[in-house]
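The values are calculated or read from the model by the stated rules, or taken from the named source; none is laboratory data. Quantities reported herein were computed from a predicted structural model and do not represent experimental measurements. For neighbour counting, all protein chains shown are included, and Cβ atoms are generated from backbone atoms with ideal geometry for every residue, glycine included. Areas reflect the complete protein model, heavy atoms only, side chains present, ligands, DNA and RNA absent. Shrake-Rupley method; radii C 1.70, N 1.55, O 1.52, S 1.80 Å.
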Amino acid sequence: MKICKFIINDLVRNGIIEDDLIYCTDQNLRTEEVYQISDVKFILPVTPSKIVCVGRNYAEHAAELGNDIPSEPLLFLKAPSSLILNNEEIIIPEQSEKVEHEGELGIIIGKICKDISANENVFDYVKGYICLNDITARDLQRKDVQFTRAKSFDTFCPISHFIETELDPRNTTVTTKVNGIIRQSGNTSQMVFPVDYLLRYISQQMTLLPGDIIATGTPSGVSKLEHNDICEVEIEGVGKLINRVVKKA
Ligand code: ZN
């Protein structure tokens, strides 16, 4: 099921997407009130308190940037103000000469959690899954050493306009294309630290709140984005996230 938030007739509504239609929901139950997708404006499906990202979680990507595979998950944060939706523009900031795509599986937290124990099912805390593009100013990431600036420019976190609630995140393909050409292709089964490990680990460092986003790391093949490029992240079982890249003159 694909759940979303949208505006129609100046009101914010919740809905379920089925093909070209959106069925409004009331207390999570589907109603008979229905709209065409083309008639609504989507808004962010969540308002996260934080976006927790995992670096170097695919061995080949760690290697392509000259890094070792970490012995425990490498965590960093991305500012929630960097979020944009499908079809919105990624803006290349003046400060960077090398902005790159990182197509990733994103996890949406559904229930507050802290210190998830070994005998709990971590997926009970998951609301669903999104396509996410962890846009990165690679030159600034290297220069600053820490990641805050390089990862948090406005528009640097495109996400799906819906949350897919049914997916096995342990074995699904993550593909990123630029102008129709495949640049990154991986499978979540190749993660150094799989999704259940990551959630348990992150919950031992910080309380996760409903709507928080976990970006689970990117496969190899990251590359520089140029003005007017069309960048597409596709996750099998979730869908596609498409954004145009713009460098303001
Ligand atoms: Zn990333």
In whole Hz, what ³J(HN,Hα) sequence does region 194-199 give by Karplus (6.51, -1.76, 1.60; θ = phi - 60°), x for Gly and Pro? x, 3, 5, 5, 4, 5
What lysines does residue 151 reach when the alpha-carbon gap must be under 18 Å and sequence neighbours fewer than 8 apart in one chain are set aside? 50, 78, 98, 143, 224, 247
Percent of all alpha-carbon pairs of the chain at distances over 28 Å, whole number, is 30 percent
Any idea what the relative contact order of the chain is, in percent, if you count C-alpha pairs under 8 Å spaced at least 6 apart? 27 percent
Förster radius 25 Å - calculated FRET efficiency between residue 182 and residue 14, Cβ distance, rounded to 0.05: 0.15
Taking r as the C-beta separation of residue 27 and residue 227 and R0 as 51 Å, the FRET efficiency to the nearest 0.05 is 0.65
If Rh is defined by the Kirkwood formula over all Cα pairs and Rg also comes from Cα, what ratio Rg/Rh do you get for region 102-249? 0.97
Filter the trypsin sites (Lys or Arg not before Pro) in region 127-202 down to the DSSP loop ones having no more than 16 other Cβ atoms within 10 Å, then list what survives. 170
Residue-normalised accessible area of region 2-42, expressed per residue, 1.4 Å probe, Å²: 68 Å²
Carbon and sulfur together cover what percent of the accessible area of the chain at a 1.4 Å probe radius? 48 percent
Give or take rounding to whole Å, what are the principal axis extents of the alpha carbon atoms in region 2-42, in descending order? 22, 21, 16
What three numbers, in Å, describe the spread of the alpha carbons of region 140-210 along their principal axes, ordered from the longest? 38, 36, 27
Ignoring ligands, DNA and RNA, how do 104, 89 rank by accessible area with a 1.4 Å probe, largest first? 89, 104
Rounded to the nearest whole Å², what accessible area per residue is found for region 45-247 with the 1.4 Å probe? 41 Å²
GluC sites (Glu not before Pro) lying in DSSP loop within region 203-249, provided at most 15 other Cβ fall within 10 Å: 226, 236
